[in-house]
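The structure appears below as structure tokens.
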Amino acid sequence: MTFFDVQKEQLKKAENLIKSDIIFTNEDFLKQDISKDFKNKLIKDGVFEEVYSGIYIRADSYVDDFLVRQMILPKGIFSNETALYIHDLTDKFPYTVWMNFPVGYKLPKNVPDYL
């Protein structure tokens with residue numbers, strides 16, 4: 001298999017991944033057998049954006065902030081006004097996002113301020 005065949009195969013796998021969703025993790029790239037170098041090339045070329053360590057979105061898509069928060073903080077449970085909004089029980093947008101965590105849960109050190 002030549003270099004160009006490998007690149008073409010990687011591109012086809014990336015296209016399949018792009019068609020499947022708008023938000024991805026490193027695991028998604030591994031499942032599609034997309035190499036780390038090719039993933040980094042796609043990020044550099046503007047196909048994907050890294051919104052957090054190991055979490056990527058299509059560059060042409062809108063970021064679902066609630067989904068990204070849940071992926072970064074998987075033990076967190078949305079509560080109060082945030083939960084009402086997510087479950088479509090209010091039309092008021094929660095400018096403060098409320099999440100509850102189990103007792104003793106330590107937040108990751110590198111969580112961005114905007115979360």
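No lab work stands behind these numbers, since they all come straight from the coordinates. All figures in this text were calculated on a predicted structure; none of them were measured in a lab. Using ideal geometry, Cβ is built from the backbone for each residue, glycine included, and neighbour counts are taken over all protein chains shown.
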query = Got a sec to turn the phi values of the stretch 30-44 into Karplus ³J(HN,Hα) couplings, 6.51 cos²θ - 1.76 cosθ + 1.60 with θ = phi - 60°, whole Hz, x for Gly and Pro?
reply = 5, 4, 7, 6, 9, 5, 4, 5, 5, 4, 5, 5, 5, 5, 4
note = P(r) over all Cα-Cα pairs of the stretch 60-114, 5 Å bins from 0 to the longest distance, whole percent per bin, short to long, reads 4, 17, 25, 27, 16, 8, 2, 0
message = 7 Å from Cα along Cα→Cβ at both Leu30 and Asp5: what's the point-to-point distance in nm?
response = 2.8
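At a Förster radius of 25 Å, what calculated FRET efficiency corresponds to the Cβ-Cβ distance of Ser53 and Lys75, to the nearest 0.05? Display every interim value, and only then the final one.
Values: r = 17 Å, r/R0 = 0.69.
With R0 = 25 Å, the Cβ-Cβ based efficiency is 0.90.
Starting from 0.36 nm per residue, how many nanometres of slack lie between Asp65 and Asn16 once their C-alpha separation is accounted for?
15.3 nm
What's the magnitude of the charge dipole for the chain around its Cα centre, counting Lys and Arg as +1 and Asp and Glu as -1 at the beta-carbon? Answer in Debye, nearest 20. Could you put the intermediate results ahead of the total?
On the way: 15 positive and 18 negative charges, 76 e Å.
It works out to roughly 360 debye.
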message = Using only the Cα atoms of the stretch 3-58, what are the Rg and Dmax in Å?
response = 10.3, 31
request  = Let me know the Rg and Dmax you get for the chain when you use only its Cα atoms, in Å.
outcome  = 17.4, 56
